[in-house]
Every structure is written in C-alpha cells, then in structure tokens.
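Enquirer: Here it is, the structure, as structure tokens.
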Amino acid sequence: MVQPSINNRHYTANQSNIIHLMVQQPTVLFGYWEVSKRLKSLIERHYRSSWHELRRVARLYQYSYSEPDTSPLTYYDTEVGNSESWYFRHVAPRHRYALDYGFINHNHQFVSLLRSTQVGTPRNDPDWIVEVRHESATIHGCSQSDSQHQQYGQSNYSPFQQFSTYTLYSDN
C-alpha cells in the first residue's frame, strides 16, 4: 500500500475529506476544509445538481466552555461559495467551537458533510496572562524574567491549550 505524502495534493484531493478549525486569537477562528472528488460526485448524483450550483455553507457551533459535551448554545451559518477556508471574526472568548461544512439542499435544509473537532478560545484579558506569568514565577521560586525564560525558552508551557504556530505551505 502506498502511503500518501503531505505534499501530494492529487492524492488528498481525490481521496480525503479534511476539515480543521484553529484558534487565531481569542476572538478569531480559522477553518479550512477539502472535499474529495468522490464525495462531490456522490452529492451531485444524489441531488441531481452540479457541485458548483449548491449553496455551500460553513456552520460554526458555539458551546459553553465549562460544559463542552452539552448541545450547542447557538450556531452561525456563512455562505462560503468556492472558498476552502474562512476566518470567523468576532467570536466570543472563553467558549468552545466546532465547524461543520456542508450545503443547503433543495428543501432549504443544511446537509453537513464534514465536522471538525472542538476548539476553545482563551480569555480575552491581558491581565490574565500577566497573572499566569506571576503565579508561575512564584511557584518556581524565581524572578519574573527567569520565569519567562523558562516558559518560552525551555518548556512547552502555554496558557492556550489549542494554540499552534505551525502553518503548512504547499510547493505550488
């Protein structure tokens, strides 16, 4: 069996359905998705419509931060057209979110094709970050500057559990 390469867009476009939701800032989320040609073909045959004629929608679900396993508090629909990614601005800090990608069928119902995992936005309070640094300095028994060096230079400490600085770029 041939293993797909991360740079092999042909394999991904034909075989995989992908959706990811990431935290950019306490009030901004970024989502991207990719629907395989096979799934697009199945949808076209079932609904007897061209993929490009369907109203494609990204549905963002908002959950309570303290009780993520409950039903969503609300959701927001955004028509995304041919886009394969979207920035969701003005989301609420200290909440959890999940993203569905799908389309609106002929009966005006949302049909979900892909669902992301939940991510949590951090608090939007600069004093909180200073407070975390101060508590860390007290716990380690070192000065503020030593604590910052340990946090950002040598350890994997981050007050944001869902934050990542990694970005993948294609060779194209």
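The values are calculated or read from the model by the stated rules, or taken from the named source; none is laboratory data. Predicted model only: the values in this text are computed from it and were never measured. Because the Cβ atoms are built from the backbone with ideal geometry, glycine has one as well, and the counts that use them run over all protein chains shown. Side chains are part of the model used for accessible areas, which takes the heavy atoms of the whole protein and leaves out ligands, DNA and RNA. Shrake-Rupley method; radii C 1.70, N 1.55, O 1.52, S 1.80 Å.
Enquirer: Suppose the filter is out of contact with any Asp or Glu (no Cβ under 9 Å at 6 or more places or on another chain), surrounded by 13 or more Cβ atoms within 10 Å (Cβ to Cβ) and touching a residue at least 40 places away in the same chain (Cβ under 8 Å); does ALA58 pass it?
Expert: When the stated conditions are applied, ALA58 does not pass them.
Enquirer: Follow-up. For region 34-55, how many residues are over 16 Å from VAL80 (Cα atoms), open to solvent by less than 30 Å² (accessible area, probe 1.4 Å) and part of a helix (DSSP H, G or I)?
Expert: 1
Enquirer: Please find, within region 92-132, the residue that is modelled with the highest pLDDT out of those that are outside any loop (DSSP other than H, G, I, E, B), open to solvent by less than 70 Å² (accessible area, probe 1.4 Å) and farther than 30 Å from SER36 by Cβ.
Expert: HIS95
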